[in-house]
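Visitor: Okay, handing you the structure first.
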Amino acid sequence: MKLNLDATDEEIQESLEKEKKLDWLKYILGFAVIVIIGGGIWAYFSYSNAQAEAARQKEVKKIETLKQDGVPVAGEIINAWQRISRGSVVGYEVEYKFIVQGQTYKGKGDLRNNPQSPFGGFNDIRVIYDPKEPTNNLTSTDLDNFNQYSSSNTSSATANDYKWLIKFIVIAVIGILFSGVSFLFNKISDLFNRNF
């Protein structure tokens with residue numbers, strides 16, 4: 001604040017009141033910006049979580065259909081890749097094809113055992129497909145893995161479901177603290193300026 005030495009007491013008082021109003025306005029605007037940014041972050045994470053949950057539910061529905069109505073068929077492995085973790089082979093990812101009523105369908109899946117035949121080429125694979133929609137298919141290993149996962153994972157809400165909320169709260173608290181510290185710093189500096 002610039003001090004006008006020729007100003008009257010009323011003008012000085014009016015200037016100080018305007019300055020107080022500006023300080024409060026800065027604080028309110030800072031808080032509003034934090035709320036808007038936090039709201040944007042909350043909306044983004046909410047949307048992302050909703051999309052991920054919708055995709056997961058769609059996949060679960062397809063797998064449930066295979067569990068109830070799936071038909072087993074022999075498939076032929078087209079290609080295979082090792083899955084390696086910590087230097088060890090932990091399984092195999094395969095691309096396969098199978099035939100239903102003269103139509104060829106393809107899929108990808110996982111196997112625990114080496115799909116290589118000791119006689120060259122690949123072993124056959126067991127595929128489970130939906131008779132109404134053969135493009136919905138899995139290896140029998142993938143279906144078994146899902147059955148084990150779904151029976152051991154009965155809780156629907158996990159800590160991951162609430163990460164977006166935790167991030168929003170942390171950002172809001174930091175914003176509030178920053179706005180509050182800035183406001184308090186201005187008030188303290190005003191007190192020192194008046195006293196000295």
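The values are calculated or read from the model by the stated rules, or taken from the named source; none is laboratory data. Note that this is a predicted model, so its numbers are computed, not measured. Neighbour counts are summed over all protein chains in view; Cβ atoms, including those assigned to glycine, are modelled from backbone coordinates with ideal geometry.
Visitor: Restricting the search to the range 73-119, which residues are among the polar types (S, T, N, Q) and touching a Phe, Trp or Tyr at 6+ places or on another chain (Cβ under 9 Å)? Show your work before the answer.
Guide: To start, the set of residues in the range 73-119 that are among the polar types (S, T, N, Q) comprises 79, 82, 85, 88, 101, 103-104, 113-114, 116-117.
Listed by number, the residues that qualify are ASN79, GLN82, THR104, ASN113, ASN114, GLN116.
Visitor: Tally time: how many residues in the range 89-132 are free of Cβ contacts under 8 Å to residues at least 12 places away in the same chain and under 22 Å from ILE63 (Cβ atoms)?
Guide: 1
Residue-by-condition table, conditions (1) surrounded by 14 or more Cβ atoms within 10 Å (Cβ to Cβ); (2) farther than 19 Å from VAL100 by Cβ; (3) hydroxyl-bearing (Ser, Thr, Tyr); (4) touching an Asp or Glu at 6+ places or on another chain (Cβ under 6 Å):
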residue	(1), (2), (3), (4)
TYR47	no, yes, yes, no
LYS61	no, yes, no, no
THR65	yes, no, yes, yes
VAL73	yes, no, no, no
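Visitor: Also, I was wondering about something else. So which of LYS67, LYS62 ends up being in a helix (DSSP H, G or I), basic (Lys, Arg), over 16 Å from ILE125 (Cα atoms) and touching a strand residue (DSSP E or B) at 6+ places or on another chain (Cβ under 8 Å)?
Guide: LYS62
Visitor: To continue, here is another question. Within the bounds of the range 22-29, is there any residue that is surrounded by 13 or more Cβ atoms within 10 Å (Cβ to Cβ), touching a Gly at 6+ places or on another chain (Cβ under 9 Å) and either at pLDDT below 75 or within 30 Å of ALA172 (Cβ to Cβ) (or both)?
Guide: Yes.
Visitor: Identify all residues within the range 46-102 that are within 30 Å of ILE166 (Cα to Cα) and of a type in the set (Phe, Trp, Tyr); write none if there are none.
Guide: Correct list: TYR47 only.
Visitor: Does VAL94 satisfy the criteria of being modelled with pLDDT of 80 or more, over 30 Å from TYR44 (Cβ atoms) and either among the polar types (S, T, N, Q) or surrounded by fewer than 12 Cβ atoms within 10 Å (Cβ to Cβ) (or both)?
Guide: Numbers: modelled with pLDDT of 80 or more: yes; over 30 Å from TYR44 (Cβ atoms): yes; either among the polar types (S, T, N, Q) or surrounded by fewer than 12 Cβ atoms within 10 Å (Cβ to Cβ) (or both): no.
Spelling it out, it is not the case that VAL94 is modelled with pLDDT of 80 or more, over 30 Å from TYR44 (Cβ atoms) and either among the polar types (S, T, N, Q) or surrounded by fewer than 12 Cβ atoms within 10 Å (Cβ to Cβ) (or both).
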